[in-house]
């Protein structure tokens, strides 16, 4: 694809260039992440008097294995709805799919929808760069959702490396180590991180 066409296609796909360490640039797309899950958790906290743990929510989603309804996780209707739970139910009803009736079904719908969105975004990246994506890294707090990790590997059809959990803090710390001369360069820093943390690989089923 010619450079000018690729630039316009990137804009339409909501891809951009983000400045990073040592004047590097990351070809980036901001996607929904766990905002939908966090919103449902807040609603449950208001109903139940206390917020359920993310582990409990993941267990509820895993318990409804046969539920398969999807929504478009990039739809603006999910950015700030009055009720995330009701907005998801409305979206499923409008598309003629089974409407989530339980918390587990709502959360399973969110996880399936996020995994589908990740797969779509990887296809966009591959199409625009001409490079096939052969693996995926998930870091940060969201990497603790084992169901979402597995659904992501399944949807993308590639191995997913999970962890470390404290991605942002660790990145900041490792740059300070380089600046202090404790670690020689970014290549060594990445190797140190991989050797220092239990990074699990999730393969597609």
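Just so it is clear, none of the values below were taken in a lab; they were calculated from the coordinates. Please read all numbers here as calculations on a predicted model, not as lab measurements. Note that each Cβ is placed from the backbone with ideal geometry, even for glycine, and that neighbours are counted across all protein chains shown.
List of remarks:
- Listed peptides 157-165, 16-24 by packing density, highest first (mean Cβ within 10 Å): 157-165, 16-24
- Relative contact order (%) - region 1-93, alpha-carbon pairs under 8 angstrom, separation at least six: 18 percent
- Sorting 70-81, 128-139 by their mean Cβ neighbour count within 10 Å, with the most densely packed peptide first, gives 70-81, 128-139.
- Förster-model FRET efficiency, 25 Å R0, residue 75 and residue 101, C-beta, rounded to 0.05: 0.70
- Antiparallel bridges, percent of DSSP beta bridges restricted to the chain (to nearest 5): 75 percent
- Most tightly packed first, judged by the mean number of other beta-carbon atoms within 10 Å of their residues, the peptides 62-68, 100-106, 119-125 read 100-106, 119-125, 62-68.
- Angle in degrees between helix 84-94 and the longest Cα principal axis of the chain, rounded to the nearest 10: 70 degrees
- Relative to the dominant Cα principal axis of the chain, helix 167-179 is inclined by about 10°.
- CD proxy at 222 nm, helix term only [per DSSP H run n ≥ 4: -39500 (n - 2.57); per residue of the chain; nearest 500]: -16500 deg cm²/dmol
- Efficiency of FRET between residue 172 and residue 196 - r from beta-carbon atoms, R0 22 angstrom, step 0.05: 0.90
- For region 156-205, the relative contact order is 67 percent, taking Cα pairs closer than 8 Å that sit 6 or more residues apart in sequence and dividing their mean separation by the residue count.
- Listed values (i) 13.8; (ii) 11.6; (iii) 10.3, entry calculated as mean projected area of the Cα convex hull in nm²: (i)
- Working from label points 7 Å from Cα in the Cα-to-Cβ sense, the residue 68 to residue 38 distance is 3.2 nm.
- 0 to 90° range, to nearest 10: angle between helix 3-12 axis and the chain longest Cα axis: 30 degrees
- Region 123-148 residues near the modelled residue 29 label - backbone nitrogen below 19 Å, point 7 Å along Cα→Cβ: 123-139
- Relative contact order computed over the chain (Cα-Cα under 8 Å; 6+ residues apart), in percent: 17 percent
- Here r is the Cβ-Cβ distance between residue 46 and residue 18 and R0 is 30 Å; the resulting FRET efficiency, rounded to 0.05, is 0.30.
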